[in-house]
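Here the structure is laid out as structure tokens; the discussion comes afterwards.
The values are calculated or read from the model by the stated rules, or taken from the named source; none is laboratory data. If you're wondering where the values come from, they're calculated on a predicted model, not measured in any experiment. Cβ: placed from backbone, ideal geometry, glycine included. Neighbour counts: every protein chain shown.
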Amino acid sequence: MRSSLRNRLLITFLILVVVVGAGTLFAIERTLADDLVKSLDTRLTKQGSAVAGWLTVAGHPDRLAPRLAAVTGTRITIIGADGLVQGDSLEPSTVGRPIGDASEVARARRGEIGRAIRQLRLDEPPQYLVAVPADFSRVIRLAVPLGDVLETRARMRNRLLVGSAFGLLGCLLLSWIFIRAVTRPLQSMTRTAEKLAQGDYDVLPPADAGGELGVLARAMMHMAGEVKSRIGELTEQRDLMSTVIGGLVEGVVVVDRTGTVALVNDAAKPLVGEGELPSPLRPLIQRALAGEQADAELELLGREVRASARPLGEPGAIIVLYDVTRMRALEAVRREFLSNAAHELRTPVTSISGYAETLLGGGVDAETSKEFLTTIHRNANRIASLVSDLLVLDTLGGRPSIVGDRNPITLSQVVRDAARTTKGVYPAAQIDVEVPAELAVLGTRDGLDHVVQNLIDNAVKYGASTPVTVRAERAGSHITFSISDRGPGIPKGYEERIFERFYRIDAGRSRAVGGSGLGLAIVKSQVEAMGGRVWVEQNHPGARFVIELDAA
């Protein structure tokens with residue numbers, strides 16, 4: 001274990017040397033190889049231009065090619081404007097034959113320098129070819145074997161490898177000596193620290209290496225003396241605090257005189273979160289720091305909590321938190337259900353009763369009677385819709401498989417149908433659809449229609465006449481699409497509660513726009529029944545509802 005640091009440093013240094021050396025060796029080898037090829041190319045280009053000049057003042061290219069090849073040390077081929085070989089220094093028998101498919105010759109005909117590497121014959125090594133344009137649309141092609149360049153490159157590579165191997169061995173030896181000298185005092189301090197950690201404070205000082213390591217060794221010994229003098233007191237206080245706080249199932253928060261959190265037990269962390277305490281607790285803390293006792297029922301991070309704050313004198317104050325969420329859950333559900341159901345049913349029932357009583361009284365003309373019956377029918381449909389929503393929730397909650405088998409569904413068609421329906425009810429609504437036509441999800445058409453229609457309608461109704469944006473994209477094996485508005489948004493801490501049955505943040509406004517508090521609960525149930533998930537995010541301003549389903 002004590003040699004692990006030394007080994008890690010040595011291995012790390014070795015890896016760095018190998019990586020840097022290999023990269024440098026590769027770069028040098030590539031550069032030199034490129035220089036060799038570039039030098040060869042420059043020589044052939046100049047020789048080709050010289051041959052083109054000779055060809056201008058001399059005739060008989062079939063006899064000129066061998067003589068110039070002997071001077072340049074290359075194979076020279078002269079190609080006429082018709083693509084036939086006029087002269088070849090190595091194979092005179094090819095004179096009068098077509099040159100065939102040669103990219104370097106085609107490029108030279110366009111007035112450029114053509115280059116290629118390939119075999120001209122099966123029984124010879126690869127050739128480096130350079131083709132230069134000449135007068136009368138002729139082309140001069142020079143060819144030399146690449147064997148000399150490859151052999152030179154191989155010798156150069158072998159020498160570089162041998163030099164690098166010797167350099168690596170030297171670096172390894174020097175690094176071992178250096179690392180051993182650096183880690184020896186660290187190993188001594190490690191042994192001293194291990195004894196301090198085991199409670200043995202009467203230890204010999206570690207080896208003083210001088211410099212920063214010496215300062216560290218002296219600081220370690222000073223720390224040992226301070227720890228030894230205070231460890232007894234701290235141990236006693238810690239044991240007492242752990243026994244008291246650890247035995248409580250209630251959340252306990254202790255703050256000092258400045259209101260800074262000094263202690264939070266495990267039971268309190270889910271209620272107060274991380275960082276600063278929730279703002280509803282601050283009035284209780286201020287009263288406790290002023291010497292008063294304060295009690296209140298608060299909502300913290302979506303939980304119902306009974307808080308009791310008591311002063312502690314000079315240390316500060318203590319707040320005890322009792323989570324009563326489960327106690328209030330059934331009562332709240334019952335109360336909210338009765339209240340919301342009564343509110344939702346009272347208006348249509350009153351309307352139906354009033355108009356029906358008027359019709360029973362007689363004396364109503366046919367046109368007015370039709371209007372009254374239309375109103376009665378509309379309110380009856382409203383009651384039926386509420387009952388239908390409750391039945392859908394009951395069906396999805398009890399038997400999710402009732403939604404049926406999932407099938408591939410084109411998402412853009414569902415979104416555009418929902419947007420068209422919403423615009424029929426709210427002609428002034430601004431709905432921007434950014435859904436690629438190729439995206440398809442696994443689900444049911446009825447369930448997806450219900451989900452998308454509900455979220456778009458909500459965004460338009462609660463978005464305060466602001467634009468609504470629908471986007472979709474593929475993320476791996478899932479399709480994620482979102483509906484965003486720029487309305488008042490969802491307050492922090494309510495992101496989960498809005499999907500509960502009948503829960504509404506602003507009940508008055510929800511009823512004013514026709515909400516029953518069941519829409520988002522149905523959305524969540526439908527999405528989960530199709531194997532997906534739904535959540536809400538802040539849009540700044542507004543809210544963004546996000547749905548994730550399996551891609552088809």
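Annotation: Asn7 fulfils all but one of (1) of a type outside the set (Val, Ile, Thr); (2) within 30 Å of Ala154 (Cβ to Cβ); (3) exposed (fewer than 12 other Cβ atoms within 10 Å of the Cβ); the unmet one is (2).
Does Ile490 fit the bill of being within 18 Å of Leu520 (Cβ to Cβ), of a type in the set (Val, Ile, Thr) and assigned to a helix (DSSP H, G or I)? Taking the combined requirement at face value, the residue does not satisfy it.
Would you confirm, using the coordinates I've provided, whether Thr42 is of a type in the set (S, T, N, Q), at pLDDT 80 or above, more than 15 Å from Ile140 (Cβ to Cβ) and exposed (fewer than 12 other Cβ atoms within 10 Å of the Cβ)? Yes, satisfied. Within the range 47-102, restricting attention to residues that are charged (D, E, K, R) and closer than 15 Å to Val144 by Cβ, the residue that is surrounded by the most Cβ atoms within 10 Å (Cβ to Cβ) is Asp88. Under the condition of being among the β-branched types (Val, Ile, Thr), at pLDDT below 80 and either part of a helix (DSSP H, G or I) or under 26 Å from Val441 (Cβ atoms) (or both), the residues counted in the range 363-413 number 7. Selection of the range 103-136 for residues being surrounded by fewer than 13 Cβ atoms within 10 Å (Cβ to Cβ), assigned to a helix (DSSP H, G or I) and without any contact (Cβ under 8 Å) to a residue 60 or more places away in the chain yields only Phe136.
Checked against the criterion of being over 37 Å from the mean Cα position of the chain (by Cα) and more than 19 Å from Tyr494 (Cα to Cα), the candidates Ala268, Ala307 yield just one match: Ala307. Annotation note: of Arg544, Arg533, the sole residue that is surrounded by fewer than 17 Cβ atoms within 10 Å (Cβ to Cβ), at pLDDT 85 or above and assigned by TED's automatic domain parsing to the domain that holds Pro427 is Arg533. Looking across the range 119-146, the residues that are farther than 14 Å from Leu55 by Cα and of a type in the set (D, E, K, R) come down to Arg121, Asp123, Glu124.
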